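Colleague: Can you read through this structure? Questions will come right after.
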Amino acid sequence: NERDDNKPGGSPQSRFQVDVVTEASSATPASTNGSKPPEESKGRPRVVGFLDFGALGSAMDIGLPPDVFHEPDTTRSDSVSLHSTGTGHTHMSDSHSNTYYMRTFGHNTIDAVPNIDFYRHTAATLGEKLIRPSLSELHDELDKVKSEPFEDGLANGEEPSAAEEAAAALAAKEAKGGTIKFGWVKGVLIRCMLNIWGVMLFIRMTWIVGQAGIGLTIVIILMATLVTTITGLSTSAIATNGFVRGGSVKTCTNISSKSTSFKRGAYYLISRSLGPEFGGSIGLIFAFANAVAVAMYVVGFAETVVEMLNDVDALMTDELNDIRIVGTLTVILLLGISVAGMEWEAKAQIVLLVILLAAIANYFIGSFIAIESKEPKGFFGYNTAIFLENLGPDFREEETFFSMFAIFFPAATGILAGANISGDLTDPQSAIPKGTLLAIVITGITYVAVTISAVCVAGSCIVRDATGDHNDTVSDTVNCTDAACTLGYDFSICKEGGCQYGLMNDFQVMSLVSGFGPLISAGIFSATLSSALASLVSAPKVFQALCKDNIYPGLGVFAKGYGKNNEPLRGYVLTFCIGLAFILIAELNIIAPIISNFFLASYALINFSVFHASLANSPGWRPSFKYYNMWVSLAGAVLCCVVMFVINWWAALVTLLIVLALYIYVSYKKPDVNWGSSTQALIYNQALTHCINLTGVEDHVKNFRPQCLVMAGYPNSRPALLQLVNSFTKNVGLMVCAHVRTLSQEHARCQRWLNKKRIKAFYTHVFSDNLRHGAQFLMQAVGLGRLKPNTLVMGFKNNWSDGDMRDVEVYINTIHDAFDLQFGVVLLRLQDGLDISHIQGQGISTKSPLSLTDQRLLETSQQFKKKQGKGTIDVWWLFDDGGLTLLIPFLLTNGSKWGDCRIRVFIGGKINRIDHDRRAMATLLSRFRIDFSDINVLGDINTKPKKHSKLSFKELIEPYRLKEDDMEQEAAERLKAQEPWRITDNELELYKAKSNRQIRLNELLKEHSSMAKLIVMSMPLARKGTVSSALYMCWLETLSKDLPPLLLVRGNHQSVLTFYS
């Protein structure tokens, strides 16, 4: 795209010219009327006049020196500024990117320099996406350069059209002004800490210490922290492997619909790493877990409120129903706050954090203040005897170590609170690792401190059981050995049950220990409400992202967002309903294990996705966060799964079955998405490894598979051909749908058609001037290692007599070339033809009514798509080609579509040896282990054909005869050279017997196989260079006319069947 002539008298403007836009150092306005720069300067680089000396006059007016080297073809060249290099040359640079276009480029070019905007997703919030000049624009001849239309219905992950680009960019600009974004502290750190410091910290921690004892409680905390730390490292690795957001989505039904960024979180992490199969299933489970978590936190809040009401004797009904009433009112209030928008929710989080920190500080201060009035309730201050007594476990009411872990684990599940709103973060790639890991460290230290304090306070200061009665002091007559006895109290009556105080009985121990009890209650309110609010926000956003990806049908109604932040109001309502259903359970110890199970499943998948991505070794997996290890991630995934089953094996099994069912569903449906997942990378690695391994293995007859190169043109042009070949290659051998063409066409579109029709085949094409040359290229080049075609499949040329005989010459020579390259050849003939491209218009149905012929052709083209039912496949195995003629029908009957058909075998023989030939063939077929229903020996193949059949053949060949006896020898030779397909009289006489055989075989076929579902027949051979293409074509025409679907098969005469083990 150089311009060699820049003289004033040069050619007029071409499309590869760039406007010279000047900007004087004195800041002269570019437009006197104040109009904005043209919109074309944005998006695709401006391509206008290289040098227009009329326009350059204005550049000279600002003092451009004569040796200015002007490089005007910049990306986004809205304005140009001048820079001196100190070498006597002045260079122009783009004022937007400040990129110098140096003389060393050597010539004027529209080639664009590297620019981050070329690599953005559509409507990226951090900058405008640009489209670099295409290879065609840079490489093609000027008169051939044209913009190519984009294909309709692009799959996810492909580039949208220019109109959609513009709509998306406009929507992004409109959204930039009002979208609220958070930094790593406010968006991730605070949110994670509030979610982790939840209900368990205040109203179950001390009870767990009482049940499990000091030692096992520390083990529980360390175990939970280990799981969350490994998951946090894995989350950080995925979060830094590109931007953690979905970018924009294109709505096919409405191009002008606005594009919005999604808040995908854990669902995004897993689905974009492992693919939609795992991502979709775990996305549903994680969203459901967050919805149930809302109920857990609200029930914890309601439990505290009801406890306070009980203290003042103000219960409305009973404790259980009061929890339900308070919980319902609370979740309605939280729903209102969430619907109010992200900013209100963020402000509420800050207030709640302050209260929470004050409550924790109040708890630690109170642990050092021993008050005598608290002693009857079990609080004695620090004491070694109490510490030793509480060191070991004392499980009651069938509780175990793992049941305690199940109840505690939700206290550690807030680590994804920041990742769940990744779309609302200013820089998710940086914020998620910093905020998440720091939150794990801070909360982990806090839990250990609280536990040690609870070990000191709850473990060293509070006994497991207390009556709360000042009169329960130790008397001399009572044999008391508990730690409380050494401190003057006898709580032995609690062994019989009924006590309300102590670690085992009072969930509000922290209020008792604290310096100011109401502040602990405020902390409980803060912890529970903040966590409930975070879960209430996270669940709808994760679910909204899942619905937008359209993986599961029927969920699209929840994808719609409202307001400037695209709030999922419908998702809020659904989360509210799920949360309310679990709030009505009103039992915290029942709800917590359910949540633990789902969160552990989510964490296992996140860890496994990192291991999987590392194992796949994809070049696209390069996270900037380096403090992770694939084997540590795998260990984390295994640990999560083991803990799931130990906590509750049947719940873990149900979760696993749900994930498996959703996985199978998505695998079967194959949603039209392309996320570059590690599953794709691993499949590629495995395929490459196996292909290379195959190259070291010699071919063996037992492992022969028909690997077909099907010359079908556009895949939707000859569906019957593809469907029949697919019936005997599906899950057995390679099938390549090949296309020889002269014009460019979308490759991916054809491959998608095959995938959509569930035809297991590859699509490939070559550019060539005719079928023969293209087929030569394909037969020699298609394939990889041992995965190379060995059989050429073509449709029979039904209309050969109506067209140019040069096309017949090309067609027959293609068959000869296949035999030269040691290919087997298969021809399919349907009496109505195969090609329906003129009906479908390459996939676009015509609105005009079809003729009867076209209707019949369209119906015929679909006949191999359906199950064939009972019938016969007649195999006319007249010549031994290595067994391909017999193998293909055997493979057909092994499939479901042809499974009800029986194989009948027809062979040639002598009348006096029919029984002998039949027994010999039956023995051979039994050794080949091929089932057959009947064997027919044809002893009358060499009988002369009927007179009218011979007459029809004579009429068929008449237009193609050379008739050299009726002309001079020189004229005959010249005509034969010009039209090599002509049939000479000598040739006709030489192959008279073979011609009669084809005529006779057609008569026998009509006699014996007119009702067959399919005929598979040995294809006659014609010696290359001796038999003209017209005569060979007449043989094939005569043999196959007026018959059911017919396959003419000829192997390469290498054995493809064996009876040896």
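Colleague: Using the Cα gyration tensor of region 795-907, with a ≥ b ≥ c the square roots of its eigenvalues, what is the shape: rounded (a/c below 1.5), prolate (a/b larger than b/c) or oblate (neither)? Spell out each step's value before the answer.
Modeller: On the way: a/c = 2.42, a/b = 1.19, b/c = 2.03.
Oblate, since a/c reaches 1.5 and b/c is not below a/b.
Colleague: Pull out a ≥ b ≥ c, the square roots of the eigenvalues of the alpha-carbon gyration tensor of region 561-609, then state rounded if a/c is under 1.5, prolate if not and a/b is larger than b/c, and oblate in the remaining case. Let's see the in-between values first.
Modeller: Values: a/c = 4.36, a/b = 1.20, b/c = 3.65.
Oblate, since a/c reaches 1.5 and b/c is not below a/b.
Colleague: Which distance in Å, rounded to a whole number, links the C-alpha centroids of region 1007-1061 and region 509-534?
Modeller: When both Cα centres are located, 87 Å separates them.
Colleague: Also, quick follow-up: Note down the accessible area of R829, probe 1.4 Å, to the nearest 10 Å².
Modeller: Ignoring ligands and nucleic acids, R829 comes out at about 20 Å².
Colleague: Just add up the charged neighbours of L821: K/R +1, D/E -1, any other residue whose Cβ is under 14 Å from the Cβ of L821.
Modeller: +2
Colleague: I would also like to ask the following. Considering only T893, F906, T923, whose Cα is most displaced toward the positive end of the charge dipole of region 879-934, charges sitting on Cβ of Lys, Arg (+1) and Asp, Glu (-1)?
Modeller: T923
Colleague: Please compute the net charge surrounding T729, taking Lys and Arg as +1 and Asp and Glu as -1 over other residues with Cβ under 12 Å from its Cβ.
Modeller: +3
Colleague: Using DSSP to call loops (not H, G, I, E or B), can you name the trypsin sites (Lys or Arg not before Pro) in region 893-968 whose Cβ has at most 15 other Cβ atoms within 10 angstrom? Walk me through the intermediate numbers first.
Modeller: On the way: sites: K897, R902, R904, K910, R913, R918, R919, R927, R929, K946, K947, K950, K954, R961, K963; in loops: K897, K910, R929, K946, K963.
Sites meeting the loop and neighbour criteria: K910, R929, K946, K963.
Colleague: Compute the signed sum of charges (Lys and Arg +1, Asp and Glu -1) over the other residues within less than 12 Å, Cβ to Cβ, of A406.
Modeller: 0
Colleague: How large is the accessible surface of M1033 in square angstrom, using a 1.4 angstrom probe and rounding to the nearest 10?
Modeller: Probe radius 1.4 Å; accessible area of M1033 about 0 Å².
Colleague: Using θ = phi - 60° and the Karplus curve 6.51 cos²θ - 1.76 cosθ + 1.60, what whole-Hz ³J(HN,Hα) does each residue of region 515-523 get, with Gly and Pro shown as x?
Modeller: x, 9, x, x, 5, 5, 4, 5, x
Colleague: Also: For E567, E989, write out the residues from largest to smallest accessible area, computed with a 1.4 angstrom probe and no ligands counted.
Modeller: If we order E567, E989 from most to least accessible, we get E989, E567.
Colleague: Mind putting a number on the dipole of region 797-897 about its Cα centre? Charges go on the C-beta only, +1 for Lys and Arg and -1 for Asp and Glu, and I need it in Debye to the nearest 20.
Modeller: Details: 10 positive and 13 negative charges, 159 e Å.
About 760 debye.
The values are calculated or read from the model by the stated rules, or taken from the named source; none is laboratory data. Just so you know, these numbers come straight off a predicted model, no measurement behind them. Virtual Cβ from ideal backbone geometry, glycine too; neighbours counted across all protein chains shown. Heads up: the accessible areas ignore ligands, DNA and RNA and are worked out on the full protein's heavy atoms, side chains in. Shrake-Rupley method; radii C 1.70, N 1.55, O 1.52, S 1.80 Å.
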